[in-house]
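Comments concern the structure below.
The values are calculated or read from the model by the stated rules, or taken from the named source; none is laboratory data. These numbers were taken from a predicted model, which means no experiment stands behind them. Every residue, glycine as well, gets a Cβ built from its backbone with ideal geometry; the counts of neighbours run over all protein chains shown.
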Ligand SMILES: *Cc1c(COP(=O)(O)O)cnc(C)c1O
């Protein structure tokens with residue numbers, strides 16, 4: 001079966017008791033035994049819950065993997081994955097990494113004796129250059145925040161495996177609809193389901209999908225013992241979101257492409273970063289690797305104090321777009337990497353990554369694209 005069909009049906013057989021067509025929320029912490037040692041596959045909600053199982057089965061299918069493990073947040077999924085590392089191991093992270101992953105690596109992983117490095121990880125050559133003996137894991141993110149650079153996953157996987165290391169991919173910005181890293185050779189793929197999978201900015205969740213049964217066992221162990229498990233209600237919401245993932249992603253992509261095109265044509269916008277534009281450095285790689293160019297873009301209003309001032313004005317004038325930090329919801333979200341996601345980085349680091357004070361990031365929603373453009377237009381050029 002194809003993606004949209006699996007999104008609606010996989011893991012979601014009618015409930016056996018009463019035939020409920022939609023997977024119910026099971027708000028119970030315990031499951032009654034028939035007799036000592038005999039139950040129906042569940043005993044205690046931290047270990048598993050039928051709503052979570054349905055969500056995991058659907059997600060494994062959508063990512064084309066054998067196993068999915070759901071967590072209470074994207075960060076919990078990242079934390080569980082990184083706990084595979086032991087003191088003395090080395091991990092190379094992509095330098096344009098989600099801020100929480102960067103903070104987890106520096107504040108929790110490194111003090112445990114894991115060697116960490118942040119390097120450009122867009123191509124196989126980048127990984128070769130970043131490799132040192134002891135490197136056990138490469139952690140890539142694509143499309144990457146905020147200028148949507150695209151990493152060549154097949155190339156990274158080939159080099160990681162040549163060196164006997166694993167490749168993990170944070171695929172949150174793409175969603176399972178636009179790219180499937182396991183098919184390109186990645187060993188595990190991670191999502192914050194808070195974003196596109198949930199899709200409605202109303203839940204927190206994360207997951208990891210893998211074909212490797214040892215990695216799967218590790219993740220189950222961390223889930224059961226670390227206890228950062230998602231609630232049945234959040235699993236139910238995420239599963240409900242997943243049903244419309246393909247519809248939403250097509251609309252996110254179409255709206256983002258149209259806004260990117262219109263913004264790029266304006267003389268008062270310096271630069272638009274969207275993988276669907278020919279001007280984007282990774283346009284061809286994105287066209288090969290992804291089923292669409294995504295719903296995320298960024299545009300630059302100039303450098304220095306003037307760029308900062310223009311960005312501030314635009315952010316305070318928008319009426320339809322929402323100013324906040326997250327992404328992947330049905331509403332268009334506008335954010336300012338300089339003062340929000342990338343604020344913890346030193347100024348020189350931010351500038352080196354293409355994050356200037358005039359850069360605005362858009363998570364393009366599914367509203368009418370003309371309303372979105374008119375909103376940005378009146379914010380960019382009032383009166
Ligand atoms: C949001 C996000 C995370 C963290 O997910 P939470 O659900 O907020 O814990 C990780 N990676 C990326 C790319 C994200 O956007």
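Table: residues versus (1) farther than 30 Å from residue 51 by Cα; (2) modelled with pLDDT of 95 or more; (3) exposed (fewer than 15 other Cβ atoms within 10 Å of the Cβ).
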{"position": "250", "(1), (2), (3)": "no, yes, no"}
{"position": "261", "(1), (2), (3)": "yes, yes, yes"}
{"position": "271", "(1), (2), (3)": "yes, yes, no"}
{"position": "280", "(1), (2), (3)": "yes, yes, no"}
{"position": "309", "(1), (2), (3)": "yes, yes, yes"}
Exercise for review: State which residue is nearest to the ligand (Cβ to nearest atom) when the search covers only region 184-196 and only residues that are more than 9 Å from the chain's Cα centre (by Cα) and crowded, with 24+ Cβ neighbours inside 10 Å.
Suggested key: 189
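Conditions (1) more than 16 Å from the ligand (Cβ to nearest atom); (2) under 30 Å from residue 181 (Cα atoms); (3) surrounded by 14 or more Cβ atoms within 10 Å (Cβ to Cβ), marked per residue:
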| site | (1), (2), (3) |
| --- | --- |
| 27 | yes, no, no |
| 31 | yes, no, yes |
| 41 | yes, no, no |
| 49 | yes, yes, yes |
| 57 | yes, yes, yes |
| 60 | yes, yes, yes |
| 73 | no, yes, yes |
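For the subset of region 115-154 comprising residues that are surrounded by 21 or more Cβ atoms within 10 Å (Cβ to Cβ), more than 16 Å from the chain's Cα centre (by Cα) and outside any strand (DSSP E or B), which member is nearest to the ligand (Cβ to nearest atom)?
121
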Review point. Which ones in region 203-243 are within 16 Å of the ligand (Cβ to nearest atom), within 21 Å of the chain's Cα centre (by Cα), touching a residue at least 60 places away in the same chain (Cβ under 8 Å) and part of a loop (DSSP other than H, G, I, E, B)?
Key: 204, 205, 228, 229, 230, 231
Exercise for review: Within region 300-343, count every residue that is touching a residue at least 24 places away in the same chain (Cβ under 8 Å) and either within 16 Å of the ligand (Cβ to nearest atom) or assigned to a loop (DSSP other than H, G, I, E, B) (or both).
Suggested key: 22
Point to revise | Residue count, region 344-367 (criterion: modelled with pLDDT under 95, closer than 13 Å to residue 146 by Cα, away from the ligand (no atom under 16 Å from the Cβ) and assigned to a loop (DSSP other than H, G, I, E, B)) | key: 1
